[in-house]
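Structure record follows, encoded as structure tokens.
Each value in this text was obtained by applying a stated rule to the coordinates, not by laboratory testing. Keep in mind the model is a prediction, meaning the values are calculated, not measured. All Cβ positions, glycine included, derive from the backbone under ideal geometry; neighbour counts span all protein chains shown.
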Amino acid sequence: MDPRPAAATKVTLIEWMGVEDANTAGFVHGGTVMKLCDEAAGIASIKHSRSRVVTAAMDRMTFLTPVHVGELLTLKAAVNAVWRTSMEVGVRVEAENPRTGVVRHTNTAYVTMVAVDDGGRPMPVPALQATTPDELRRESAAQLRRSNRLAEREQILAQRGPVQ
Ligand SMILES: CC(C)(COP(=O)(O)OP(=O)(O)OC[C@H]1O[C@@H](n2cnc3c(N)ncnc32)[C@H](O)[C@@H]1OP(=O)(O)O)[C@@H](O)C(=O)NCCC(=O)NCCS
């Protein structure tokens, strides 16, 4: 499999937030934003792997400021790093008040997607070509998040001791 450029995985989704996306006070549900992040991450990872993918984990999801009904939500996603079968996708979410044009950074999410075959078994993905300074920085940060995740898992398993 030939390596594929990180730039080719970029995705932009734009959604207009309606009353069905929000609570009675007009604040958009966190779950609505998470679902859209999952969708954007799914598309970016499919563009890289050209395969089916499943969401393995949503590692981090920050909510910086609330999103309101009537705002335009823009989700920008790209594959940050890839390993054997998994890919970390970074998603940046911005909300725009369409009447004033003011744009705010509202969320960041890191989603791990796994390429799977028709039987749902993990399958290898092409390497990622990260070339720009931003792409290289994102790749190295993704590697750190993965190392921390694996170390945490090992510590928890070690703490648990042998299963009876
Ligand atoms: C994700 C899934 C395919 C992994 O299957 P598995 O049998 O654990 O496979 P493996 O142990 O070989 O792991 C495959 C890859 O997934 C990664 N992975 C598995 N669980 C993970 C987790 N909790 N967090 C991050 N990565 C994970 C592994 O690190 C591995 O990556 P690598 O090949 O790049 O090193 C499987 O757990 C699954 O199907 N989960 C349900 C997914 C789902 O229904 N999502 C919601 C709807 S899309």
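With the requirement that a residue be free of Cβ contacts under 8 Å to residues at least 40 places away in the same chain and closer than 14 Å to Ser86 by Cβ, what does segment 109-124 give you?
Keep residues of segment 109-124 that are free of Cβ contacts under 8 Å to residues at least 40 places away in the same chain, which gives 119, 121-122.
Hits for segment 109-124 are Arg121, Pro122.
Please go through segment 82-114 and pick out each residue that is polar (S, T, N, Q) and over 9 Å from the mean Cα position of the chain (by Cα). Full working, then the answer.
Step one: of segment 82-114, the residues polar (S, T, N, Q) are 85-86, 97, 100, 106-108, 112.
Thr85, Ser86, Asn97, Thr100, Thr106, Asn107 - these are the residues of segment 82-114 that are polar (S, T, N, Q) and over 9 Å from the mean Cα position of the chain (by Cα).
Going through segment 44-56 one residue at a time, which ones are at negative phi, surrounded by fewer than 19 Cβ atoms within 10 Å (Cβ to Cβ) and either free of Cβ contacts under 8 Å to residues at least 60 places away in the same chain or away from the ligand (no atom under 13 Å from the Cβ) (or both)? Working first, answer last.
Within segment 44-56, the first condition is being at negative phi, and the residues that meet it are 44-49, 51-56.
Then keep just the ones that are surrounded by fewer than 19 Cβ atoms within 10 Å (Cβ to Cβ); that gives 46-47, 51-52, 54-56.
Answer for segment 44-56, where residues must be at negative phi, surrounded by fewer than 19 Cβ atoms within 10 Å (Cβ to Cβ) and either free of Cβ contacts under 8 Å to residues at least 60 places away in the same chain or away from the ligand (no atom under 13 Å from the Cβ) (or both): Ile46, Lys47, Thr55, Ala56.
Return the pair list, or none, for Cβ contacts closer than 6 Å from residues in segment 28-40 that are under 15 Å from Val91 (Cα atoms) to residues that are aliphatic (A, V, I, L, M) and buried (at least 18 other Cβ atoms within 10 Å of the Cβ), at least 6 apart or on different chains.
Taking only residues 6 or more apart or on different chains, the pairs are Leu36/Leu75; Cys37/Val91; Cys37/Ala109; Ala40/Val11; Ala40/Leu75; Ala40/Ala77; Ala40/Val91.
Would you check which residues across segment 18-77 are under 24 Å from Val116 (Cα atoms) and among the charged types (D, E, K, R) and list them?
Lys35, Asp38, Glu39, Lys47, Arg50, Arg52, Asp59, Arg60, Lys76
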